[in-house]
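Novice: This structure is in structure tokens; I'll ask about it shortly.
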Amino acid sequence: MDWWKDAVFYQIYPRSFKDHNNDGVGDLKGIVEKLDYLSWLGVDVVWLSPFFKSPMEDFGYDISDYKDVDPLFGTINDFDELVDEIHRRGMKIIIDQVYNHTSDKHPWFIESKSSRNNPKADWYIWKDPKPNGDPPNNWISLFSGENPQSAWEWDDNRKQYYLHLFGKEQPDLNWRNGEVKRKIFESMKFWLDRGVDGFRFDAASHYYKDPSFQDALKGPQVKKTLFHSARDEYYWDRFSGRPETLLAVEEIKRFMNSYGDKVSIGEITSDMGLCLYLIFTISGRFDLAFNIDFMEKLSLNAKKVRELSENVNTFFGERAWPSYVLGNHDNYRIINRLTNGMKVGENEKKLIAKLAATLLLTVRGTPFVYYGEEIGMEDTEVPYDKIVDPWGKALWPRKGRDVCRTPMQWNGEKHAGFSEVTPWLPINSNKAHVNVENEKKDPRSILNFYRSLLKLRKSHVALRRGAMHFIDAPDDIICYTRNISKEKIVVLLNFGSVPKRVNLSTHGKVLLGSHRGIGEDFYDQDVEPFESVVIDVSK
């Protein structure tokens, strides 16, 4: 039971993992082709971003059929083969479920907008305009660029506005309609019956909206980060973490429990941060909440990273189980975020990537690895004429999400072993040395370090289930222990660019280190710049 507490999840963005049929876009058979690599790496669960039928206005997060595979990715038989092949290798598979909204090309929406009295008229959120013709309220779209755009789109046929918290091509479903809920549960059943081991629920904190549809509180609407425009307290109070949504989550959990040991993961977004993550993951609700707060605030400031990690550990305690993540399909690559504005060489980049990996895979909680992190992939420069992400176009000249979604770099060839034709997004020019084939051969590569960390995690229960305690250390150093029963492990991370002396007060043996050999003694020694070291101090 609770197998997901021990597991390491690996997120695949299907368009960018492996192109099997050489049309420039990744597909399900391409993923099957690379399963032996994932098994070799040591991941436990494969998480697939959407592969369902879609017009691809938001690249799969605008779904037009919840129960079928988009031909771009293959067929339903290809999916069944993928499930079987993942299970045959002793791994599990989870998939995204996007139930806050559909595509505007979904048959439900086409019927809904056809008239005000059709059977699906209120399957979406429709409102009359204000007397002056303006939208019903001041809510803004999360896909706004520098200038906030309304979350309401006018439909000339119904003479009403429909709500879209994301793109205008993604109308929000009306969860207060019983038939909508029934269809959503039918969709979950369809995929559970096909053998999936759980779901990651996209935008799960947004399902229900304030039924009064009042204006949000006024406040700053300046975009400070990739996400930060609508994510202020003036806005989120109208739909994030509403009681009705929590009750729906409990209903989802009960339904999934009827299938046995399946995992449920919620993408929860709000400025409430940890509070909302905990609210959504206490007993009877989601098993895990995607820790976006940690991902967005992670830096090379050791004091702040300790505070972030310690707050998660203390706040969750025995109440719920935390998760940790370095990156995903919506955020810049971890190396770019951690080195932003710094002048760093290739060796320092490798050390910083190993530092982040050690943190991710040794703190108390379930880790999520985004494809390419294990080889140190970086953001790829995407010129304006190559941008396909609607948010990227809105943000220009700032970077959008395309930069973190570029094809997986399997080798140093022209198209990085991803495809034999020009891929849907440009490939990073560093593919010559940042690639799987090259790094497999290098014992000191980021890839082999990740693999060693995954092996270490599997072989030491303290790293999976043990208590975590932070120990005071010199500036730039984070030090914590993981212990259970007689097993005790110390993790030392130097987030600074100068050596720092650390005295453990007890002798230990190095289990894994970015600078040291396995089995080396450690007691009173310097921790080198950007060094990470895992030490066994068990008696």
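None of the figures in this text is laboratory data; all of them are computed from the coordinates on show. Values in this document were obtained by computation on a predicted structure and should not be read as measured data. Using ideal geometry, Cβ is built from the backbone for each residue, glycine included, and neighbour counts are taken over all protein chains shown.
Novice: For the range 342-446, what value does the Rg/Rh ratio take when both radii are computed over Cα atoms and Rh is the Kirkwood radius, given to two decimals?
Specialist: Using only Cα positions, Rg/Rh for the range 342-446 is 0.99.
Novice: Right, another one. Please compute the modelled spin-label separation between Asn117 and Ser39, points set 7 Å along Cα→Cβ, answer in nm with one decimal.
Specialist: According to this spin-label approximation, the distance is 6.1 nm.
Novice: Can you figure out the FRET efficiency of Asp472 with Val498, using R₀ = 22 Å and their beta-carbon distance, to the nearest 0.05?
Specialist: The calculated FRET efficiency here is 0.75.
Novice: A further question on this structure: Cα convex hull of the range 124-182: how many Å³ per residue?
Specialist: 97 Å³
Novice: Here is a follow-up. From the residues Ile335, Ser497, Gly392, which one has its Cα farthest along the dipole of the chain in the positive direction, the dipole being from +1 and -1 charges on Cβ of Lys/Arg and Asp/Glu about the Cα centre?
Specialist: So the residue furthest toward the plus end is Ser497.
Novice: Provide Rg over Rh for the range 1-106; use the alpha carbon set for both Rg and the Kirkwood Rh (inverse mean inverse pair distance).
Specialist: Dividing the radius of gyration by the Kirkwood radius yields 0.98.
Novice: At a Förster distance of 51 Å, what's the computed FRET efficiency of Lys441 paired with Ile110, Cβ-Cβ distance as r, to 0.05?
Specialist: Calculated value: 0.45.
Novice: Given all pairs of different Cα atoms, what value in angstroms does the Kirkwood hydrodynamic radius of the range 1-52 take?
Specialist: 11.8 Å
Novice: Using Cα pairs closer than 8 Å and at least 6 residues apart in sequence, work out the relative contact order for the range 467-536, in percent.
Specialist: Result for the range 467-536 is 31 percent.
Novice: What is the set of long-range amide H partners of Ile140 at a cut-off below 5 Å, with H atoms built 1.01 Å from backbone N?
Specialist: Ala151
Novice: Let me ask you something else. Mind giving me the FRET efficiency for Ser283 and Lys458? R0 is 30 Å, r the Cβ-Cβ distance, nearest 0.05 is fine.
Specialist: 0.65
Novice: Here is a follow-up. Using just the helices of the chain, give the 222 nm mean residue ellipticity in deg cm²/dmol: DSSP H runs with n ≥ 4 each add -39,500 (n - 2.57), and the total is spread over all residues, rounded to 500.
Specialist: -8000 deg cm²/dmol, from helical runs alone.
Novice: Further question on the same structure: Considering amide H positions built from the backbone, and no H for Pro or chain starts, which residues 5 or more places from Val502, or on another chain, come under 5 Å of its amide H?
Specialist: Gln525, Asp526, Val527
Novice: Tell me, what are the semi-axes, in whole angstrom and largest first, of the equivalent ellipsoid of the range 420-539 as set by the roots of 5 times the Cα gyration tensor eigenvalues?
Specialist: The equivalent ellipsoid of the range 420-539 has semi-axes of 32, 18, 13 Å.
Novice: Taking the beta-carbon count within 10 Å as an exposure proxy, list Cys275, Cys479 from fewest neighbours to most.
Specialist: Cys275, Cys479
Novice: Okay, moving on. To the nearest 20 debye, what charge dipole does the chain have about its Cα centre, counting +1 at the Cβ of each Lys and Arg and -1 at the Cβ of each Asp and Glu?
Specialist: So the magnitude is around 960 debye.
Novice: Can you report the principal axis dimensions of the chain using only the alpha carbons, biggest first, rounded to whole angstrom?
Specialist: Reported extents, whole Å, longest axis first: 76, 48, 47.
Novice: Let me ask another. What Rg and what Dmax come out for the range 386-470 when only alpha-carbon atoms are used, in angstroms?
Specialist: When restricted to the Cα atoms of the range 386-470, Rg and Dmax are 18.0, 50 Å.
Novice: Further question: For the range 61-155, what is the Kirkwood estimate of the hydrodynamic radius, computed as the reciprocal of the mean inverse distance between distinct Cα atoms, to one decimal in Å?
Specialist: 16.8 Å
Novice: Would you work out the charge dipole size for the range 318-420 about its Cα centre, treating the Cβ of every Lys and Arg as +1 and the Cβ of every Asp and Glu as -1, and quote it to the nearest 20 debye?
Specialist: Here the range 318-420 has a charge dipole of around 340 debye.
Novice: For a quick check: with amide H placed at 1.01 Å from N, whose amide H comes under 5 Å from Asp172's, ignoring anything fewer than 5 positions away on the same chain?
Specialist: Placed amide hydrogens put Ile125, Leu163, His164, Leu165 under 5 Å from Asp172.
Novice: Also, I was wondering about something else. When the distances between all Cα atoms of the range 467-536 are binned every 5 Å from zero, what whole-number percent does each bin get?
Specialist: 4, 18, 30, 29, 14, 4, 1, 0
Novice: Could you give me the ³J(HN,Hα) list for the range 408-414, computed from phi with Karplus coefficients 6.51, -1.76, 1.60 and θ = phi - 60°, whole Hz, x at Gly and Pro?
Specialist: So the Karplus estimates, Gly and Pro as x, are 4, 9, 7, 8, x, 6, 3 Hz.
Novice: Restricting things to alpha carbons, tell me how big the range 280-377 is in terms of Rg and Dmax, in Å.
Specialist: Over the range 280-377's Cα set, Rg and Dmax evaluate to 14.0, 48 Å.
Novice: I would also like to ask the following. May I ask you to evaluate 6.51 cos²θ - 1.76 cosθ + 1.60, the Karplus curve with θ = phi - 60°, for each residue of the range 310-315 and list the ³J(HN,Hα) values in order in whole Hz, giving x for glycine and proline?
Specialist: 5, 4, 4, 4, 6, 5
Novice: With a cut-off of 8 Å between alpha carbons and a minimum separation of six or more residues, what is the relative contact order of the chain in percent?
Specialist: It comes to 12 percent, rounded to a whole number.
Novice: May I pose another question? Can you tell me the dipole magnitude for the range 467-536 around its Cα centre, using point charges on the Cβ only (Lys, Arg +1; Asp, Glu -1), in Debye to the nearest 20?
Specialist: 260 debye
Novice: Suppose we keep just the DSSP beta bridges with both residues in the chain; what percent of those would be antiparallel, to 5?
Specialist: 60 percent
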